[in-house]
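Chemist: Quick one: structure below, then a few questions.
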Amino acid sequence: MSKEQIAVAELIFNIILGKTGSGRVNYFPQKQDFPFDAPYEQPFERATPESQGISSEYLTALIRELYHAEGTEMHHFMALRHGKVICECNFAPYPKGMWHITHSMCKSITGMAVGLLIQEGKLRLDENIYDIFPDKVNSLLKIFRPVITVENLLNMSSGITFNESGIVSGNDWVASYLNSTVNGTTGQIFQYNSMNTYMLSAIVTKRTGETLTEYLKPRLFQPLGITKYFWETCPAGITKGGWGLFLCAEDMAKLGQLYLQKGKWKGEQIIPESWVEASTQKRWETPDDTYGYGYQLWMEQRPGSFEFNGMLGQNVVIYPDMDMVLVTNAGNNELFQDCIMLNIIRKYFPPEYTLADTLPENPSAALLLKRLCGELEQGMELTRPILRGGWKKRQLRRNNSCCEKSHSPAFFEKFRQDLHGRTYEMRQQSIGLFPLFMQVFHNNMTDGIRKISFSCESGIFSVSFLEGEEIHTLPVGFRQAALGTVSMHGENYLVGTLGEFTRNENQIPVLKLEITFVEECAKRLLSVFFHSEKEIELRWKETPGKEMILEGLSSITEELAAKLPNSTLLGENARDLAIRLMEQTIEPVCWGDLEIEVEGDLLGDDVIAEK
């Protein structure tokens, strides 16, 4: 097992043991707050679908199918034709104009930077990356170093074994990458690896003295009017390159339109046309029924089409033959290109589908499309269960035996009034408000929730969590999610919290909370069972769900099993026990005991009575 797999196993084992805090990678706060007050620059012109040759009814059907599809959790959708926005839909509680994590979609932007660097004469495709970083290579590799070129990084054929899991193994990712082994022969096989893209970002910094973000600001972001963005760095200060970028959907659309226009923007050549053409040529046949890979982007089903693709549904799909760009942000329960969401889009825009230049205006159909998008933005549409994770999105009512439907308004009001001022101390204090997915991706690990408290004042019901020394107070909406902020170790994350009061089949009162991190793909799902006035049970889930996370951890299961006490005596049962422990860590159950009633600030010093 590689050292990075061992590091992942160590991190997960510590989480299982309830050891909260950081791992081997130094944490430092870096996330910026979304700039609400900053004006949006260079917005696209809006137009009716019919004026651009597509029917409103067609787009209405597409959005409905995307919304209701099993395994698909839409956040933002935008469609452009002829450079004009013809459809824009934001799905509650994800606000219009909010940036969203892009995951691997940003790899295509890193590819643009490489094209610019080559145009400036500061880099060649055939350069050996070991020559670019001679100070990071060990003495043996200086003698017997392989040849891995910049092009191998671009087309995912480096063969390097140090992959995404290595980000938890230490602070010097460049050295770890360069000193890793090569799987097979470089340039002979396609192996998708986000660290290839990270190395491209490191090369930009090595050759320019600027981070990738700094380098692209005057060359790409400013010319396109992209001002609302944030890109994370590694502990060494290098832009992550292959992930970690927060970007607005309309700005994602600008990047797609830029490539649709062969690198031109408002008459200026931003990205060399030759680089756009080189990037969008298929370089590799790819597995899993996908359509091939170019330079840091994927080919699509329609001839000549391609996409910038990020896991869980962050996509910019470019259809040159239709002069069309589609943008999606989502929190799907599938990772990559062969997924339900993209297959629905392919069904609506297959190779044989053609568009007219214009269609007769259809005001009634356009109104229905606008109304549908408005209802989805307000969270009014009926919903279906998530494929993985077991919760329905936005509304928390479900058709299973866990809980009955909501009760009368009188029940609701009495329930929340009775909870006012109650504080419970957790018996297990290692569970965090952040989903595990986010903790690992942002290297921002929980200090553990110690207390939970409830308040109902001026008609606003709130739940507060004392996590470490920080208090997270979340207002709760019961028809629409209420927006709030979680501050975690100096980083602020916007959340929308939707609640429901109910009873389960045993008539135990339950408060169900869906806590959505609206800048992210992940959410926390919490059911609080009030077994008595003095005792509560908390059942935690998250999306992406347990099955997907376990699938991602499958390669380290044996290492985890080996770390268990008496693993030798357990024999083959050690692996099953390790899986059960991981399941319990992803979907933990903990208990709390009534401590105090408070008045004023929740979990504050104004204690008025002890139960």
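The values are calculated or read from the model by the stated rules, or taken from the named source; none is laboratory data. Note that the structure is predicted; figures quoted are calculated from it, not measured. Don't worry about glycine lacking a Cβ; one is built from the backbone with ideal geometry, like all the others, and counts go over all protein chains shown. Just so you know, the surface numbers come from the protein's heavy atoms only, side chains and all, with ligands and any DNA or RNA stripped out. Shrake-Rupley method; radii C 1.70, N 1.55, O 1.52, S 1.80 Å.
Chemist: Carbon and sulfur atoms: what percent of the 1.4 Å accessible area of region 41-134 do they account for? Intermediate results must be reported in sequence, preceding the final value.
Modeler: On the way: 1390 of 2690 Å².
Reported share for carbon and sulfur atoms: 51 percent.
Chemist: Using a/c under 1.5 as the rounded threshold, could you call region 250-339 rounded, prolate or oblate? The axes a ≥ b ≥ c are square roots of the C-alpha gyration tensor eigenvalues, and prolate needs a/b larger than b/c, oblate otherwise.
Modeler: On the way: a/c = 2.13, a/b = 1.37, b/c = 1.55.
Oblate, since a/c reaches 1.5 and b/c is not below a/b.
Chemist: List the residues whose amide H sits under 5 Å from the amide H of E595, counting only those 5 or more places along or on another chain, with H placed 1.01 Å from N in the peptide plane.
Modeler: Hits under the 5 Å cutoff: T423, Y424, E425.
Chemist: How large is the dipole of region 29-104 about the Cα centre if only Lys and Arg carry +1 and Asp and Glu carry -1, each at its Cβ, rounded to the nearest 20 debye?
Modeler: Result for region 29-104 is approximately 100 debye, rounded to the nearest 20.
Chemist: With a point put 7 Å past each Cα toward its Cβ, work out how far L368 is from E268 in nm, to one decimal.
Modeler: My value for the distance between the label points is 4.4 nm.
Chemist: OK, next. List the relative contact order of region 20-126 as a percent without decimals, with contacts defined as Cα pairs under 8 Å and 6+ residues apart.
Modeler: Result for region 20-126 is 19 percent.
Chemist: Can you give the calculated 222 nm mean residue ellipticity of the chain, where each DSSP H run of n ≥ 4 adds -39,500 (n - 2.57) and the sum is split over every residue, rounded to the nearest 500 deg cm²/dmol?
Modeler: Numbers: 19 runs with 174 residues, N = 611.
Mean residue ellipticity, 222 nm, calculated: -8000 deg cm²/dmol.
Chemist: Right, another one. Would you mind telling me the share, in percent, of accessible area of region 221-272 contributed by carbon and sulfur at probe 1.4 angstrom? Present the calculation step by step, with values, prior to reporting the outcome.
Modeler: Details: 610 of 1310 Å².
For region 221-272, the apolar C and S fraction of the accessible surface comes to 46 percent.
Chemist: Let me ask something else. If you place +1 on the Cβ of every Lys and Arg, -1 on the Cβ of every Asp and Glu, and leave all else neutral, what size is the dipole of the chain about its Cα centre, to the nearest 20 Debye?
Modeler: 640
Chemist: Mind checking which of F162, F517, C373 is farthest towards the positive end of the chain's charge dipole, using Cβ charges of +1 (Lys, Arg) and -1 (Asp, Glu) about the Cα centre?
Modeler: Looking along the dipole axis, the top candidate is F162.
Chemist: Go through region 497-512 residue by residue and turn each phi into a ³J(HN,Hα) via Karplus (6.51, -1.76, 1.60, θ = phi - 60°); whole Hz please, and just put x for glycine and proline.
Modeler: Coupling constants for region 497-512: 10, 10, x, 8, 9, 7, 10, 8, 5, 9, 6, 7, x, 9, 10, 9 Hz.
Chemist: What does the accessible area per residue of the chain come to in Å², with a 1.4 Å probe and no ligands, DNA or RNA counted?
Modeler: Details: 23990 Å² over 611 residues.
Value for the chain: 39 Å² per residue.
Chemist: Follow-up question, since we're still on this one. Have a look at S104, V137, T186 and report the one farthest towards the positive end of the charge dipole of the chain, computed about the Cα centre with Cβ charges (Lys/Arg +1, Asp/Glu -1).
Modeler: Of the candidates, T186 comes out farthest on the positive side.
Chemist: Using a cut-off of 25 Å between alpha-carbon atoms, which lysines can reach K512, once sequence neighbours fewer than 8 places away in the same chain are excluded?
Modeler: Once the sequence-local lysines are set aside, what remains near K512 is K392, K393, K405, K414, K451, K523, K534, K541, K546, K611.
Chemist: In the set (i) 0.98; (ii) 1.12; (iii) 1.18, which value of Rg/Rh (Cα atoms, Kirkwood Rh) was calculated from the structure you see?
Modeler: Read-out taken from this structure: (i).
Chemist: Rounded to whole Å, give me the distance from the Cα center of region 247-289 to that of region 144-218.
Modeler: 21
Chemist: Under a 5 Å amide H to amide H cut-off, with H placed in plane at 1.01 Å, what residues pair with G53 once short-range neighbours are removed?
Modeler: Counting only residues 5 or more places away or on other chains, the set is L359.
Chemist: Can I ask one more? Just want to confirm a number: the relative contact order over the chain, from Cα pairs under 8 angstrom separated by 6+ residues, in percent.
Modeler: 17
Chemist: Continuing with the same structure: Holding the Cα-Cα limit at 26 Å, pick out from K3/K282; K107/K266; K107/K206; K206/K240; K107/K563; K31/K262 the pairs that are longer than that.
Modeler: Pairs exceeding 26 Å: K3/K282; K107/K563; K31/K262.
Chemist: Quick check: from the Cα gyration tensor, does region 123-231 come out rounded (a/c under 1.5), prolate or oblate?
Modeler: In terms of gyration-tensor shape, prolate.
Chemist: For F461, what residues show an amide H to amide H distance below 5 Å, using hydrogens built from the backbone and excluding near sequence neighbours?
Modeler: Here V476 satisfy the definition.
Chemist: Find how many whole Å separate the alpha carbon centroid of region 330-378 from the alpha carbon centroid of region 83-103.
Modeler: Value for the Cα centre distance between the two parts: 13 Å.
Chemist: I would also like to ask the following. Note down the relative contact order for region 421-557 as a percent, whole number, built from C-alpha pairs under 8 angstrom at least six residues apart.
Modeler: 14
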